[in-house]
Amino acid sequence: MVTQWEDGHFVGGHPALDLANTVFNRAHPVPDNELLRTPSDVLAWCTAAGVPAAADPDVAEVRAVREQVWAVFDALARGGSPPDAPVGALMERAGAGLRTGSAGIPAVLSLLAVRALFTLPAERIRACGRCGWLFLDSSRGGRRRWCSMSTCGNREKAGRHRRAVRASGA
């Protein structure tokens, strides 16, 4: 069964951030947290994200790129510097794809991530306060807290309301 990608999966504001979000929940992983299970899932995600894709992607390698992307941008979201090892691995994979002229999906995704690292405003990269997904905060005031108001934002508000009702004894 191929994951059906919907608009709600693409809240990052950039394909590199959306790639990092291809798990159900970063903050509180659940069993079977993985959204990129098969080559078909990877190809379907690439199509939905508008990323050029070749046939038969190596899922393990795509997941490795995803985890490197997450490590880099999660560090930025927390106000830190991107860790050297994941940045180096992404640059190496992107460079190898360019050198050989056979840029497979992992090389293309790595290149997108390296480009995003140098072009996205680091001070606007955020992690959702509920699920940990990454996103580019393009809100006017720069105070967006949730990956999506329609999912995590509403769930958080509903949870706060339930706790307040319980606390008041009603």
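The values are calculated or read from the model by the stated rules, or taken from the named source; none is laboratory data. Just so we're clear, the structure is a prediction, and the values are computed from it rather than from any experiment. Ideal geometry is used to build each Cβ from the backbone, glycine not excepted, and the neighbour counts take in all protein chains shown. Surface accessibility is based on the protein's heavy atoms, side chains included, excluding ligands, DNA and RNA. Shrake-Rupley method; radii C 1.70, N 1.55, O 1.52, S 1.80 Å.
With the Cα gyration tensor of the chain giving a ≥ b ≥ c as the square roots of its eigenvalues, does the rule (a/c under 1.5 for rounded; else a/b larger than b/c for prolate; else oblate) give rounded, prolate or oblate? Note, shape of the chain comes out prolate. Rounded to the nearest 10 degrees, the angle from helix 39-49 to the longest Cα principal axis of the chain is 70 degrees.
Every helix of 4 or more DSSP H residues in the chain counts as -39500 (n - 2.57), and over all residues that averages to -15500 deg cm²/dmol at 222 nm. Anisotropy class assigned to segment 12-103 is oblate, per the alpha carbon gyration tensor with a/c at or over the 1.5 cut-off and a/b no larger than b/c. Amide H to amide H distances under 5 Å link Ser148 with Gly153, where only residues 5 or more positions off or on other chains count and H is placed in the peptide plane. Across segment 1-151, the mean sequence separation of Cα contacts (distance under 8 Å, 6 or more residues apart), normalised by length, yields a relative contact order of 27 percent. Label positions at Asn33 and Arg78, each projected 7 Å from the Cα along the C-beta direction, are separated by 1.4 nm. Converting phi to 3J(HN,Hα) with the Karplus coefficients 6.51, -1.76 and 1.60 and the offset θ = phi - 60°, segment 80-86 yields x, 9, x, x, 4, 4, x Hz in sequence order, with x at every glycine or proline.
Extension gain for the segment Arg124 to Arg162, taken as residue separation times 0.36 nm less the Cα-Cα distance, is 10.6 nm to one decimal. Segment 80-110 and segment 19-56 have their alpha-carbon centroids 18 Å apart. Of the solvent-accessible surface of the chain, computed with a 1.4 Å probe and all protein chains present, 55% belongs to carbon and sulfur. Given their separation in residues at 0.36 nm each and the Cα-Cα distance between them, Thr151 and Arg115 gain 10.1 nm when the chain is fully extended. Our coupling estimate for segment 104-117, obtained by passing each phi through the Karplus curve with A = 6.51, B = -1.76, C = 1.60 and θ = phi - 60°, is x, 4, x, 5, 5, 5, 5, 4, 4, 5, 5, 4, 4, 4 Hz, Gly and Pro reported as x. Surface exposure of the chain, expressed per residue as accessible area with a 1.4 Å probe, stands at 54 Å². For Gly141, the shell of other residues with beta-carbons less than 15 Å away shows a net charge of +4, using +1 for Lys and Arg and -1 for Asp and Glu.
Given their separation in residues at 0.36 nm each and the Cα-Cα distance between them, Arg143 and Phe24 gain 40.5 nm when the chain is fully extended.
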